[in-house]
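I have placed the structure first, in the form of structure tokens, so that the comments after it can refer back to it.
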Amino acid sequence: MHVPLPISNRMNRKLNLFLSELNIPPKPIPTDDNEKLFDQLREKVLKMFSLQKHLKKKELEKKKFEEALEEKKQLAAHTPVKDEDPHGHPQHPHPHPHAHPHPHQ
């Protein structure tokens with residue numbers, strides 16, 4: 001007979017529910033081959049659960065990065081270009097008439 005995997009009761013219930021949805025009996029006919037296959041299946045389903053959880057976490061991270069990027073794009077769209085003053089007017093390329101171009105004059 002199969003030995004329960006060292007998992008939480010909650011995860012065990014989730015695993016058993018998933019297997020029952022696939023019409024897999026909770027206790028297969030106890031032969032060595034059946035037990036080995038059943039245990040392998042359980043392990044693979046647990047790995048799938050883990051991958052799903054990891055994928056969901058990464059999708060949330062991606063969504064946050066995309067939102068932050070969109071926020072930066074919107075901010076950049078409302079930020080004046082270097083050659084413009086804060087009101088969007090072009091800055092004058094020549095210095096102030098009273099400014100000295102060379103400090104030693």
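The values are calculated or read from the model by the stated rules, or taken from the named source; none is laboratory data. All of these numbers come straight from a predicted model, not from anything done at the bench. Only protein heavy atoms, including side chains, enter the accessible area calculation; ligands, DNA and RNA are left aside. Shrake-Rupley method; radii C 1.70, N 1.55, O 1.52, S 1.80 Å.
Scanning region 4-52 for residues that are open to solvent by 90 Å² or more (accessible area, probe 1.4 Å), of a type outside the set (D, E, K, R) and part of a helix (DSSP H, G or I) returns Asn9, Leu17, Leu37, Leu51, Gln52. When the criteria are applied in full, Glu67 fails the requirement of being open to solvent by less than 90 Å² (accessible area, probe 1.4 Å) and of a type in the set (Asp, Glu).
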